[in-house]
Amino acid sequence: FRRPLIISSMGKRETEVGASKQQTAESRLHQLRTDLRRHEYLYYVMDAPEIDDAAYDQLMRDLQEIERDHPEWVTPDSPTQRVGGKAKDGFSKVAHSRPMLSLDNVNSPEELRDWDRRVRELAGPGSEIQYVCEYKLDGLSMALHYGGQQAAEGARLLRGITRGDGTIGEEVTTNVRTIRSIPLLIEPGPLGAAGLPAAFEVRGEVVMPLAGFLRMNEDREAAGLAPAANPRNAAAGTIRTLEPNIVAQRRLDFYAYFALTPAGETLFEKQSQALDALTAAGFRVNPHREAIFEFDKLLAFIEQAELNRASLGYEIDGVVIKLDSAELQRRLGYTGKAPRWSIAYKFSARFGVTQVQDIRVQVGRTGKLTPVASLAPVGIGGITVTRATLHNADEIERLGLLIGDFVRVERGGDVIPKVVEVVTDSEHPRGSRPFVWPEHCPICGSEVKRTDGEADHRCVNIDCPARLAESLLHWGRRGVMNIEGLGEAVVTQLLERALVRSVADVYALDEPALLSLERIGKKTAESLLGEIARSRQAGLARVLHGLGIRFVGERTAQLLAEEFGSMDALMAASQEELARVNEVGPRVSQAILEFFEDEKNRKLVEDLRAAGLHMAAARRHRTAQLAGKTFVLTGALPTLTREEAKAKIETAGGKVAAAVSKKTDFVVAGDDAGSKLEKAGELGIAVLDEAGLLSLLSPAD
Ligand code: IVH
């Protein structure tokens, strides 16, 4: 690195100094933006950051400061402007430049061969057939419009539009802007290098990476909400959320796969060129892609994709094969709904059939008992599965499961596979032993209780070692107190050696204690102690999340911290005061009260305070997020009863009306929705499904 020359302005006359200060601030502003864009690109597109988070945050703060002093310099493509815009009342509809079609599918090499044969026939004799293979990302497709200025200034992100019905989509620009791998501005350099014009359209897939998906569901469950079924639904629900800051927390990703003119024409003569150009412009393009001439190589690519599938960190459900030549694409054209020049090779669902050898019970950090099926090992989608979750007692009953049964096991986006159904055909004998819930905790022997009306069984002993181990692991997790190194191996040893009897004891650990553990050297011990010390400053929201109060996940903890500002204020709050916080209903407020009524928990808080933990937060006054909004419910929702949906809306400050009128803000439609849905269409009122409603209500990260 060469150091920049510093030219001193000292000695100049007063007026000149003022002018040059202004200029320095302005050039500093441009430099900061360029630097921040580059670091965003390195971090979010290349997964190869050059600076750490703290240095990045500092650059961002510097830029924010200049923009605060000079609000007239703020432009929509500034890196500070990713999360902006207020909650809107819904999304407007926009027609696509050219329809966003879907693809025809094939499921077997034979079907693919037939398709290849048809392509060759249609292309005509002598045509050179080259394909491009890409992964079929399992998310939702999105069109991004860029332009708005001269090429010499680069191209700005103007709009993001969902696929919708293919012809008309919804404008979700404010949400799309929060996706860090989507550039807000392509600077003139990369734009020119990529060979992209001043205005163009990019199409691609918005996905939710698995890590974010699992975290989101953990939080939804902690908050007592139904988890999202898979990353695709989670991504789709998130993109239709009305609060951009929630979208920003969910960490979606975007992979580009088409480059079009603003009129929807193919921009490059080859699809492979388009992918390279998009890469050069700074978009994330999936690295798994290949130009292929020979049919057998297509099969090899597909096979490899299936092998890679389990370790990608995001979901794919197949391989997309496209004719490389735009000229041939035009010659082959479209059937009514799909291009003839492209096909999706869909992987078969990742199922396996195997026998349930036993059902064991695990104890989680809230004392919840989870039944887990021990399975005869079975290979599903490249990994060997030996366990599958059964969730709770109701689920076992629903499945009609007996130990010894053969079951169909599905591997979705979740790490732990799940049992879908009992196989009852003649080849698979039924099991004979029904599962009986233990009366005593399998770990500590205390009583197990099932509260009326709840699906879960719980161990009543809050000192249960299983709970303590889980509590410690939870405490250290990213998004909680973020103590790197406080993992399973360390926690197990700490408990075995009785070095830790509560979460607060972690703060009394010293180097000799850590060095007495196996496989911990001086360096590891030092770094763990550093992490523990640092976590003292994590703040009230994280401490609250870390305490593991039922239903209090990351977001609820954040809202509580902002509302009460200190642990003392929160602990002194009445149920009414608690329930006034957004998204905190009677169940959650009850759980919080019960938690703090328990002498042991109060002592834990005191011990944490004595250990030097920072337990305050900046208070913020928020209005209820749905204040003044009117909803109409119609049709049967998949999981919520009408009363539950109504209660949730009202808790968030909204109203539920019986009939659709111009005053209606949202119609929530389920199955067999009738005239109310039609009326909503006529009046142009935003329509949500249950997932849309839930993400609006419960923007858990
Ligand atoms: S090309 C007209 N390429 O799969 C061409 N689609 O069933 C349509 N998808 O709606 C899209 N990865 O949401 C294409 N590399 C990829 C894709 C991809 C995922 C999705 C997309 C599309 C659906 C087609």
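Taken over region 139-172, the criterion of being within 16 Å of the ligand (Cβ to nearest atom) and without any contact (Cβ under 8 Å) to a residue 40 or more places away in the chain is satisfied by Gly160, Asp165. Against the condition under 28 Å from the mean Cα position of the chain (by Cα), part of a helix (DSSP H, G or I) and hydrophobic (A, V, I, L, M, F, W, C), how does Leu604 come out, does it pass? When the stated conditions are applied, Leu604 does not pass them.
Over 18 Å from Pro76 (Cα atoms), in a loop (DSSP other than H, G, I, E, B) and within 15 Å of the ligand (Cβ to nearest atom): is that true of Met100 in this structure? Yes: the conditions hold for Met100.
Of all residues in region 352-392, which are outside any strand (DSSP E or B) and free of Cβ contacts under 8 Å to residues at least 60 places away in the same chain? Can you show your working first?
Taking region 352-392 and keeping what is outside any strand (DSSP E or B), we get 364-367, 381-382, 390-392.
The one that is outside any strand (DSSP E or B) and free of Cβ contacts under 8 Å to residues at least 60 places away in the same chain: Leu390.
All conditions in (1) under 28 Å from the mean Cα position of the chain (by Cα); (2) under 20 Å from Leu468 (Cα atoms); (3) surrounded by 20 or more Cβ atoms within 10 Å (Cβ to Cβ) hold for Arg536, with the sole exception of (3).
Within region 468-476, the presence of a residue that is in contact with a strand residue (DSSP E or B) (Cβ under 7 Å, 6 or more places away or on another chain), within 16 Å of Ile549 (Cβ to Cβ) and in contact (Cβ under 8 Å) with a residue 12 or more places away in the chain is excluded.
Checked against (1) within 16 Å of the ligand (Cβ to nearest atom); (2) modelled with pLDDT of 90 or more; (3) surrounded by fewer than 19 Cβ atoms within 10 Å (Cβ to Cβ), Arg360 passes all but a single condition, namely (1). Is one or more of the residues making up region 463-474 at pLDDT below 90 and part of a loop (DSSP other than H, G, I, E, B)? Checked against the condition, which is being at pLDDT below 90 and part of a loop (DSSP other than H, G, I, E, B), region 463-474 yields at least one hit. Could you tell me whether any residue of region 401-421 is loosely packed, with under 13 Cβ neighbours inside 10 Å, over 28 Å from the mean Cα position of the chain (by Cα) and not hydroxyl-bearing (Ser, Thr, Tyr)? No: zero hits. Filter region 110-138 down to residues that are modelled with pLDDT of 95 or more and under 34 Å from the mean Cα position of the chain (by Cα) and give me whichever is farthest from the ligand (Cβ to nearest atom). The selected residue is Leu112.
Going by what's in this entry, would Val94 be described as crowded, with 17+ Cβ neighbours inside 10 Å, over 28 Å from Thr261 (Cα atoms) and touching a residue at least 40 places away in the same chain (Cβ under 8 Å)? Spelling it out, it is not the case that Val94 is crowded, with 17+ Cβ neighbours inside 10 Å, over 28 Å from Thr261 (Cα atoms) and touching a residue at least 40 places away in the same chain (Cβ under 8 Å). Considering the conditions (1) among the charged types (D, E, K, R); (2) assigned to a helix (DSSP H, G or I); (3) surrounded by fewer than 17 Cβ atoms within 10 Å (Cβ to Cβ), Glu518 is excluded by exactly one of them, (2).
Residues that are out of contact with any Ser or Thr (no Cβ under 8 Å at 6 or more places or on another chain) and either within 16 Å of the ligand (Cβ to nearest atom) or charged (D, E, K, R) (or both) within region 272-288 comprise Ser272, Gln273, Leu275, Asp276, Ala277, Leu278, Thr279, Asn286, Pro287, His288, listed in sequence order. For region 380-397, filtering for residues that are surrounded by fewer than 17 Cβ atoms within 10 Å (Cβ to Cβ), out of contact with any strand residue (DSSP E or B) (no Cβ under 7 Å at 6 or more places or on another chain) and more than 24 Å from Glu439 (Cα to Cα) leaves 2.
When Leu544 is tested against (1) free of Cβ contacts under 8 Å to residues at least 40 places away in the same chain; (2) within 17 Å of Ala610 (Cα to Cα); (3) surrounded by fewer than 22 Cβ atoms within 10 Å (Cβ to Cβ), exactly one condition is not met: (3). Here is the figure for region 119-144: residues that are closer than 16 Å to Asp324 by Cα and basic (Lys, Arg) total 1.
Conditions tested, residue by residue: (1) farther than 18 Å from Ala236 by Cα; (2) free of Cβ contacts under 8 Å to residues at least 60 places away in the same chain; (3) not basic (Lys, Arg).
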| position | (1), (2), (3) |
| --- | --- |
| Thr178 | no, no, yes |
| Ile186 | yes, no, yes |
| Gly192 | yes, yes, yes |
| Glu201 | yes, no, yes |
| Pro209 | no, no, yes |
| Gly212 | no, yes, yes |
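So, of the residues in region 687-699 that are modelled with pLDDT of 85 or more and of a type in the set (A, V, I, L, M), which turns out to be surrounded by the most Cβ atoms within 10 Å (Cβ to Cβ)? Give the steps one after another, and end with the answer.
First, pick out the residues of region 687-699 that are modelled with pLDDT of 85 or more: 687-690.
Now restrict to residues that are of a type in the set (A, V, I, L, M): 687-688.
Numbers: Val687: 17, Leu688: 19.
Restricting to residues being modelled with pLDDT of 85 or more and of a type in the set (A, V, I, L, M), the top hit is Leu688.
One residue stands out among those in region 35-69 that are closer than 23 Å to Gly148 by Cα and in contact (Cβ under 8 Å) with a residue 24 or more places away in the chain: the one that is surrounded by the fewest Cβ atoms within 10 Å (Cβ to Cβ), which is Asp35. The set of residues from region 194-220 being more than 23 Å from His391 (Cα to Cα) and among the hydrophobic types (A, V, I, L, M, F, W, C) comprises Ala194, Leu196, Ala198, Ala199, Phe200, Val202, Val206, Val207, Met208. No other residue among Thr556, Thr524 is in contact with a Gly (Cβ under 9 Å, 6 or more places away or on another chain), of a type in the set (Val, Ile, Thr), surrounded by 13 or more Cβ atoms within 10 Å (Cβ to Cβ) and assigned to a helix (DSSP H, G or I) apart from Thr524.
If you filter region 249-266 down to residues that are away from the ligand (no atom under 15 Å from the Cβ) and outside any helix (DSSP H, G or I), you find that the one that is farthest from the chain's Cα centre (by Cα) is Ala263.
Considering only residues that are touching a residue at least 12 places away in the same chain (Cβ under 8 Å), over 19 Å from Asp463 (Cα atoms) and not small (Gly, Ala, Ser), which ones fall in region 493-515? Passing the criteria: Leu509, Asp510, Glu511, Leu514.
Could you tell me which numbered condition Ser108 fails, if it satisfies all but one of (1) more than 28 Å from Asn233 (Cα to Cα); (2) without any contact (Cβ under 8 Å) to a residue 24 or more places away in the chain; (3) not basic (Lys, Arg)? All conditions are met except number (1). Restricting attention to region 638-660, the residues that are touching a helix residue (DSSP H, G or I) at 6+ places or on another chain (Cβ under 8 Å) and within 24 Å of Ser92 (Cα to Cα) add up to 6. In region 427-462, the qualifying residues are those that are charged (D, E, K, R) and part of a loop (DSSP other than H, G, I, E, B), and the one that is modelled with the lowest pLDDT is Asp452. Considering region 312-352, the residues that are charged (D, E, K, R), under 23 Å from Glu410 (Cβ atoms) and within 12 Å of the ligand (Cβ to nearest atom) include one that is farthest from the chain's Cα centre (by Cα), namely Lys346. Of the residues Thr384, Thr354, the single one that is touching a Leu at 6+ places or on another chain (Cβ under 6 Å) and over 29 Å from Cys464 (Cα atoms) is Thr354.
The values are calculated or read from the model by the stated rules, or taken from the named source; none is laboratory data. All values reported here derive from a predicted model rather than from experimental measurement. In this analysis, Cβ positions are derived from the backbone assuming ideal geometry, glycine residues included, and neighbour counts consider all displayed protein chains.
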